[in-house]
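Below is one structure; the comments refer to it alone.
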Amino acid sequence: MLISAQELLNTLNTNNHLLKIFDCRFDLNQPHAGEQAFSQGHIPNAHYIHLEKDLAGPKNRLLGRHPLPTPQAWQATCESLFIQNNTRIIVYDDLDNSFSSRLWWMLHATGYDRIQLLDGGLAAWLKMQGPLESGPSPVRRATQREALPGTPFNQLVQITQIKENLQSSKHTILDARAKERYQGDIEPLDPVAGHIPGALNRPYKLNLTPTGHFKTQEVLRDEFLALGISPRELIHQCGSGVTACHNLFAMEYAGLKGSQLYAGSWSEWCQYPDNPVALGPE
């Protein structure tokens, strides 16, 4: 599930035609910055993936800031990138794998299983003095999404299930946002501050060491289990369904499989005035 910078360099030297590398750099405040940075320098043979164009559907305030694309649109994107069932996929970004984990989840949730995150992200590659190339992303293959059946996303939860859970408490909800946003002390992105009542808080950055690499599987397993959670009864959320995928990846990496994603997350939940809001610590 993880690949080191050195292992990636060794892989590049094999000229594996089934290998695809995807650069997911993005800036929520400057949507074009990631693609511009890609053009200035990226890991050789990488393709650029845009959070809002490739990993999200059309903007819809009531569905959150980054709603998932339809299965048909997602399959069209995969086909345009020449992704097949036997393709080996390596993903990275320059922000703790917070954006590349969304791509990992979308592929994982639609049946692809040969996916690895670059441990330490682009920073680890640069620290190793790995080679870079410049220029735009390779041209994609034209597709007709209307003719594609699409594969529904697995491990996906809708807002109705979150509402039902307020009464049943069958599932544990885990919020991946920073403590300050979870508690409602600040809210830089969404119109309402706070969190879904009953949700626990585990900021996604807790999955990493100070160097930006993932903690060991054993440490991650112990930390998640210390929350008193059962993986198959856990639902991940964050602000818009992006960094929640980081927690979901960390659990899967630690062998804690079967948790689910509420993709709409806080940015969808807070759009409805009737939905209750909690403030303060857990």
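The values are calculated or read from the model by the stated rules, or taken from the named source; none is laboratory data. What you are looking at is a predicted structure, and each value in this text was computed from that prediction instead of being measured. FYI the Cβ positions are ideal-geometry reconstructions off the backbone, even for glycines, and counts take in every protein chain you see.
Couple of notes before you dig in:
- Among the residues making up the range 83-101, those that are among the aliphatic types (A, V, I, L, M) and either crowded, with 24+ Cβ neighbours inside 10 Å or modelled with pLDDT of 95 or more (or both) are Ile89, Ile90, Val91, Leu95.
- Top-ranked residue in the range 40-77 [being at pLDDT 95 or above and among the charged types (D, E, K, R); ranked as surrounded by the fewest Cβ atoms within 10 Å (Cβ to Cβ)]: Lys53
- Taking the criterion of being among the aromatic types (Phe, Trp, Tyr) and in contact (Cβ under 8 Å) with a residue 24 or more places away in the chain, the residues of the range 177-232 that qualify are Tyr204, Phe214, Phe224.
- Residue match in the range 12-24 (condition: assigned to a loop (DSSP other than H, G, I, E, B), touching a residue at least 24 places away in the same chain (Cβ under 8 Å) and crowded, with 18+ Cβ neighbours inside 10 Å): yes
- Every condition in (1) under 19 Å from the mean Cα position of the chain (by Cα); (2) under 21 Å from Asn97 (Cα atoms); (3) not basic (Lys, Arg) holds for Asp190 except the one numbered (2).
- Condition check for Gly194: within 21 Å of Ala263 (Cβ to Cβ), surrounded by 20 or more Cβ atoms within 10 Å (Cβ to Cβ) and not assigned by TED's automatic domain parsing to the domain that holds Leu122: yes
- Remark: Asn154 matches the filter, which requires a residue to be of a type outside the set (A, V, I, L, M, F, W, C) and in a loop (DSSP other than H, G, I, E, B).
- The test for being surrounded by 13 or more Cβ atoms within 10 Å (Cβ to Cβ) and outside the structural domain of Glu52 (by TED's automatic domain parsing) holds for Leu225.
- The selection criterion, being modelled with pLDDT of 95 or more and of a type in the set (S, T, N, Q), does not hold for Ser80.
- Enumeration of residues in the range 228-249 that are of a type outside the set (A, V, I, L, M, F, W, C) and either surrounded by 22 or more Cβ atoms within 10 Å (Cβ to Cβ) or farther than 21 Å from Ala109 by Cα (or both): Gly228, His236, Gln237, Gly239, Ser240, Gly241, Thr243, His246, Asn247
- Members of the range 210-249 that are within 15 Å of the chain's Cα centre (by Cα), closer than 20 Å to Lys163 by Cβ and assigned to a strand (DSSP E or B): Ile235, His236, Gln237
- Among the residues of the range 112-126, those that are in a loop (DSSP other than H, G, I, E, B) and either in contact with a strand residue (DSSP E or B) (Cβ under 8 Å, 6 or more places away or on another chain) or surrounded by 19 or more Cβ atoms within 10 Å (Cβ to Cβ) (or both) comprise Tyr112, Arg114, Asp119, Gly120.
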